[in-house]
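The values are calculated or read from the model by the stated rules, or taken from the named source; none is laboratory data. Everything quoted here is computed from the prediction, not taken from an experiment. Neighbour counts are summed over all protein chains in view; Cβ atoms, including those assigned to glycine, are modelled from backbone coordinates with ideal geometry. Surface accessibility is based on the protein's heavy atoms, side chains included, excluding ligands, DNA and RNA. Shrake-Rupley method; radii C 1.70, N 1.55, O 1.52, S 1.80 Å.
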Amino acid sequence: MEDEQRQLKHVTLKRIAFSDEGTRGVLEIEGFNQTFATMELPWRDNKTAASCIPEGTYNCVWGKSEKFGMCYHITKVPNRSSILFHNGNWAGDHSKGLRSESLGCVLIGLRHGILIGQRAVLGSIAARTLFESAMHKEPFILTVNSGK
């Protein structure tokens, strides 16, 4: 398994800002010149449909989602399932009346910005297409950290 992981491409998600409007981050692909903006739900103790996933290292695989079609799945997230990389703009705290298009997944965009008065990722469809193309729809190792 260790040899297999060494052969897989590595992707790092560095979380850079935290608020009720979401957790902003930067996604870097090993050996790829472009970075991506990410937006996740705020940290809410890994609560299903309310929290971003815990920091750690995960295997990601290409697979089918009923809602988003073919996309990357983040596997073996403790006490969670169906965690995906998909397009969308907002990942705010629903309980505080903020917009969200995530139930715990990672939204990917070309840049961070403000959309309808709330922090968001922008250029999400283009970013997802570019990301999936760069990864060749092959499995990869994802490391999620606070960017420190």
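Filter the strands (runs of 3 or more DSSP E) completely within segment 58-148 down to those with at least 2 residues that are within 20 Å of residue 28 (Cβ to Cβ) and in contact with a helix residue (DSSP H, G or I) (Cβ under 9 Å, 6 or more places away or on another chain).
Strands (runs of 3 or more DSSP E) meeting the threshold: 69-74, 83-86, 106-109.
Restricting attention to segment 81-98, which residues are surrounded by 14 or more Cβ atoms within 10 Å (Cβ to Cβ) and either of a type in the set (A, V, I, L, M, F, W, C) or more than 23 Å from residue 119 (Cβ to Cβ) (or both)? Selection gives 82, 83, 84, 85, 90, 91, 98. Counting residues in segment 70-91 that are over 16 Å from residue 137 (Cβ atoms) and in contact (Cβ under 8 Å) with a residue 60 or more places away in the chain gives one or more. Does residue 30 meet the test of being surrounded by fewer than 17 Cβ atoms within 10 Å (Cβ to Cβ), touching a residue at least 12 places away in the same chain (Cβ under 8 Å), farther than 30 Å from residue 96 by Cβ and of a type in the set (Asp, Glu)? When the stated conditions are applied, residue 30 passes them. Checked against the criterion of being modelled with pLDDT of 95 or more and over 12 Å from the mean Cα position of the chain (by Cα), the candidates 68, 18, 36, 32 yield just one match: 18. For segment 39-55, how many residues are within 20 Å of residue 78 (Cβ to Cβ), touching a residue at least 60 places away in the same chain (Cβ under 8 Å) and buried (at least 22 other Cβ atoms within 10 Å of the Cβ)? Final tally of qualifying residues: 3. Filter segment 101-129 down to the residues that are open to solvent by 60 Å² or more (accessible area, probe 1.4 Å), of a type outside the set (Asp, Glu) and over 12 Å from residue 37 (Cβ atoms) and list them by number. The answer is 103, 114, 116, 117, 125, 129.
For residue 23, state whether it is more than 12 Å from residue 93 (Cα to Cα) and either surrounded by 14 or more Cβ atoms within 10 Å (Cβ to Cβ) or of a type in the set (Ser, Thr, Tyr) (or both). No; evaluated as a whole, the condition is false for this residue.
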